[in-house]
Amino acid sequence: MSERGAVSQARRVVIKIGSSALRADVALPGRLAEVISEHSSHRFVIVSSGAIAIGAERLGYDQRPKEMSRLQAAAAAGQSVLMRRYDEAFQNHGCVCGQVLLTHADLADRSRLNNARGALASLMEAGAVPIANENDTVATEEIAFGDNDQLAAMVAPLVSAELLVLLTDVDGVMNEGGQRMSELGASDAVPVLSGGSAHGSGGIRSKVDAARKAARAGASVVIASAARAPLSEVLSGNDVGTYVPAATDAMRARQHWIAYTLRPRGALLLDDGAATAVRAGRSSLLPIGIAGVRGDFVVGDSVVLLAPDGQEVARGLTRMGASEVARVAKNDSDNLQLRYGERDWVVVHRDDLVFA
Ligand code: GLU
């Protein structure tokens, strides 16, 4: 397979568009719709920012607001205009698109996640293009994705995407000499990078982070300039932007969800023996290996497992709440059996453990 063979062979594609790229170029939705309409054997999902930037202008704010309520107001005023632009662009090319607004809570809950997956799949099956954005008007800091690069990295495994294209206003990831890096491997060091732009909230650092997360889910990623790297060239696998190859040992969707979508609610402090056993044998975590607990979590929450030196060993779903873990920690299963009766004394089962 040629260098970017996986890119040209991909048929399920997520395209993320940043606020700055959209703001700089009103014709961008039209060009995207044109290329998408020409690739009828592909299925596309767009994750588009831009609501806050458009809305801020409409509401007369002179820059991207900082207060939550004004961000939410801007998103409300901008999202409808954003969608109208896509709607018109797609209609002009005989395509249908549909708005999908998501909050982090929608993806952190298994049944809501399945609902979102079903809706996206049905839209794609019908040949329509879902246009996703964060539901900023109801999202608060605590539940927000962070930025749409992260949202795109979570949507990619949700629709089993083989390719994620992050379109931005720079040519890709630049090396120390300011040259575009054609490829960025999983273990390549990331050069010192620029921060976020004035209109979006991501920046290259967030794109590389999102690209690596999507790559762990088995998607190839291209980070490229919306203005200078035509989407058709990206899809053909041409040498534009920065290519982040899919991981060869991709995680299953559920493992990926535990590793990158769920937010840990606490930590389990492991003793040396447990840290070594979990690392090496990928065995379940039992109460005997737990030296302490942090945070206030309940059954089913995500927790990080920390070695005595504070390093993260793994993360996983806990089968006990924080107070119960505190009560049973350091006890062996026979002891617990005697005191509390017959039961499977596992805190984090190996099937629910991930090594991110
Ligand atoms: N959801 C935000 C918007 O539509 C953008 C978030 C981001 O900048 O990534 O304006």
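The values are calculated or read from the model by the stated rules, or taken from the named source; none is laboratory data. Every value quoted in this text rests on a predicted model; they were computed, and no experiment measured them. Virtual Cβ from ideal backbone geometry, glycine too; neighbours counted across all protein chains shown. Heads up: the accessible areas ignore ligands, DNA and RNA and are worked out on the full protein's heavy atoms, side chains in. Shrake-Rupley method; radii C 1.70, N 1.55, O 1.52, S 1.80 Å.
A compact table of results
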read-out	value
Part-to-part distance (alpha-carbon centres) for the range 279-356 and the range 1-78, which is given in Å	42 Å
Computed [θ] at 222 nm, helices only, for the chain once each DSSP H run of length n ≥ 4 contributes -39500 (n - 2.57)	-11000 deg cm²/dmol
Dipole moment magnitude, nearest 20 debye, the range 98-199 about Cα centre, only Lys, Arg, Asp, Glu C-beta charged	340 debye
Projected area averaged over orientations for the range 103-146, convex hull of C-alpha atoms, nm²	3.3 nm²
Accessible carbon and sulfur surface of the range 12-137 relative to its total accessible area, %, 1.4 Å	47 percent
Contact order normalised by residue count of the range 283-339, Cα under 8 Å, 6+ apart, percent	43 percent
Three semi-axes of the equivalent ellipsoid, the range 212-312, Cα gyration tensor, whole Å, largest first	39, 14, 11
Bins of 20 Å from zero: percent of alpha-carbon pairs in the chain	29, 52, 18, 1
Lysines with Cα under 18 Å of residue 16, excluding same-chain neighbours fewer than 8 positions away	207, 213
Gyration tensor verdict on the range 108-179 (Cα atoms; rounded if a/c is under 1.5, prolate if a/b is larger than b/c, oblate otherwise)	oblate
Per residue solvent-accessible surface (Å²) - the range 51-109, probe of 1.4 Å	51 Å²
Order by protection proxy (mean Cβ within 10 Å, highest first), peptides 172-178, 100-106	100-106, 172-178
Relative contact order (%) - the chain, alpha-carbon pairs under 8 angstrom, separation at least six	15 percent
Estimated FRET transfer efficiency when R0 is 35 angstrom, pair residue 61-residue 232 (beta carbons, to 0.05)	0.45
Derived scalar couplings ³J(HN,Hα) [the range 159-173; Karplus, 6.51 cos²θ - 1.76 cosθ + 1.60; whole Hz; x for Gly, Pro]	10, 6, 5, 9, 9, 10, 10, 9, 8, 9, 9, 10, 6, x, 7
